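For reference, the structure discussed in these notes is given below.
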Amino acid sequence: MLILFKILLIIASIGLIAVVLLQKGKSAGLSGAISGGAEHLFGKTKARGLDLFLQRMTIGFAVSFFILSLVVAYIV
């Protein structure tokens, strides 16, 4: 049982790393450094298509990684 949870934790961590690296940067260049997250927070455009899918995959992998980490720590 412990080995199964550890394997799932490794898969979740590799998946999380891959999904984060596949996303493109939202604030690139000097304008992104000056405005910070204001454009993302108050922007009129919403994420569509692949960006939205990658964002939801990131949330899913992050939640699964967090829960599996707690389960493995509790079992050990």
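The values are calculated or read from the model by the stated rules, or taken from the named source; none is laboratory data. Because the structure is a prediction, the values reported are computed rather than measured. Neighbour counts run over all protein chains shown; Cβ positions are idealised from the backbone, glycine included.
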Restricting region 52-76 to residues that are polar (S, T, N, Q) and free of Cβ contacts under 8 Å to residues at least 60 places away in the same chain, the residue that is surrounded by the fewest Cβ atoms within 10 Å (Cβ to Cβ): Gln55
Odd one out for Ala47, checked against (1) at pLDDT 90 or above; (2) in contact with a helix residue (DSSP H, G or I) (Cβ under 8 Å, 6 or more places away or on another chain): (1)
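For Gly25, indicate whether it is modelled with pLDDT under 95 and out of contact with any strand residue (DSSP E or B) (no Cβ under 8 Å at 6 or more places or on another chain).
Working: modelled with pLDDT under 95: yes; out of contact with any strand residue (DSSP E or B) (no Cβ under 8 Å at 6 or more places or on another chain): yes.
The answer is yes for Gly25.
Quick one: which residue in Phe65, Phe5, Phe42, Phe53 is more than 16 Å from the chain's Cα centre (by Cα), at pLDDT 85 or above and aromatic (Phe, Trp, Tyr)? I'd like the intermediate steps shown before the answer.
Details: Phe65 fails: more than 16 Å from the chain's Cα centre (by Cα); Phe42 fails: at pLDDT 85 or above; Phe53 fails: more than 16 Å from the chain's Cα centre (by Cα).
Criteria check complete, one pass: Phe5.
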